[in-house]
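What follows draws every value from the coordinates through simple rules; no lab data is involved. This is a predicted model, so every value here is computed, not measured. Backbone-built Cβ (ideal geometry, glycine too); neighbour counts: all protein chains shown.
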Amino acid sequence: MKPSQAAIKLDPAAYFRANLQCEIDVMEVAESEPGHLVVVDTRRQSSWDHGHIPDAVHIPTADIPALATGLIPAGSQVVVYSWGPGFNGSTFAALAFAELGYSVKEMIGGIEYWIRNGLPVETASGINTEKPDPLVTAHA
């Protein structure tokens, strides 16, 4: 084995253990104690206006370095989300929060899977819920 190959060998268990420290699923967010998490929507304004998780804080990814410390207290457990699993916007947002020293997790599935699980979404007309998608929902 070449030295460069040995240097990049990964321990799969360590990788997945570390991954679980950085991700959270939509049902764990939905079922968390009120006030335990600061949920941050990292999408652009038009997406936020289209619908977002109730009580989420809106900070587009590009604005996190400038706005986060003024909006989110130090020591908070931050959960970031963007559109869905086909996009990595929340990964960039999680990195920005981590670089500021926050404890942060990325909500896997984003708002797409939040909606598909039949969880509430806030719009200008109020809080709405969709019928859960039986292919993805954890709801009974």
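Assorted remarks:
- Pairwise label distance in nanometres, residue 130 with residue 66, each label 7 Å out on the Cα-Cβ vector: 3.2
- Here the chain is treated with +1 on each Lys and Arg Cβ and -1 on each Asp and Glu Cβ, and its dipole about the Cα centre works out to around 520 debye.
- DSSP beta bridges fully contained in the chain are about 25 percent antiparallel.
- Amide H contacts under 5 Å for residue 77: 38, restricted to partners 5 or more places along the chain or on a different chain, H placed in the peptide plane at 1.01 Å from N.
- Sorted by Cβ density within 10 Å, fewest first, the residues 52, 58, 36: 36, 58, 52
- Note on the chain: with a GNM built from Cα contacts shorter than 10 Å, the maximum mean-square fluctuation among 124, 98, 56 falls on 124.
- Looking at region 12-103, the GluC sites (Glu not before Pro) that sit in a DSSP loop and have at most 10 other Cβ atoms within 10 Å of their own Cβ are 31.
- Average 1/r across all pairs of distinct alpha carbons in the chain, invert it, and you get the Kirkwood radius: 16.1 Å.
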